[in-house]
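Remarks on the structure that follows.
Bear in mind that the values in this text are calculations on the coordinates, not laboratory data. Here the structure is a predicted model, which is why all the values come from computation and not from measurement. Quick reminder, even Gly has a Cβ in these numbers, built from the backbone with ideal geometry, and neighbours come from all protein chains shown.
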Amino acid sequence: MKTIKIFFIITILFTLSANSQITKENWMVGGSANFNNSNSVNSNGNITGSGNGVQIYPNIGYFVYDKFAVGVSAGFSYGKPSSTPSNTSFGLSPFVRYYFLKPDKLINVLAEASYGYNISKVQGNSNTFDSRGYKIKAGPVLYFNSSVGLELTLNYNSSNSDGNTYNYFQAGFGFQIHLKK
């Protein structure tokens, strides 16, 4: 019984101290990772290929208003289509992010939109390819304390490279550290 009381006291203290720093003039630094498994479908509805990929995005942002941040994310991605050589890409994406719940919540919900530019290289090919596209992501944020949050997101990506359009969904996760000014 004593253990249960201590557990509840610690839980209450943790909850009370979990006010996140998503207020005006604060900074956030962190990053996210995404994993995808995709199928390519032609205009007849036939699957023409598949592949797997991973993307890593370190970022930095600044809260211009309470719950609203702007920032930039750098990106690295690796993809391995089933029928072609692997490819790597590097990019830069400005973003806007909004948190829907009050800053004093242990759990919050975020939405983010970004537009980016990437340079890609296919293994065994000396040419590089550029692409532009946007990403929209949303999901819950679980705060461990007032500064550190774990994000779990569902992402929609759309990009265009050499006249080809690529659209896909991804599951992602990330950590953000929120810094007081």
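Checking the cross-link filter: which lysines have an alpha carbon closer than 25 Å to that of Lys67, excluding same-chain neighbours under 8 positions apart? Within the straight-line cut-off, Lys67 pairs with Lys24, Lys102, Lys105, Lys135, Lys137, Lys180, Lys181. Of the peptides 165-174, 150-159, the ranking by mean beta-carbon count within 10 Å, highest at the top, reads 150-159, 165-174.
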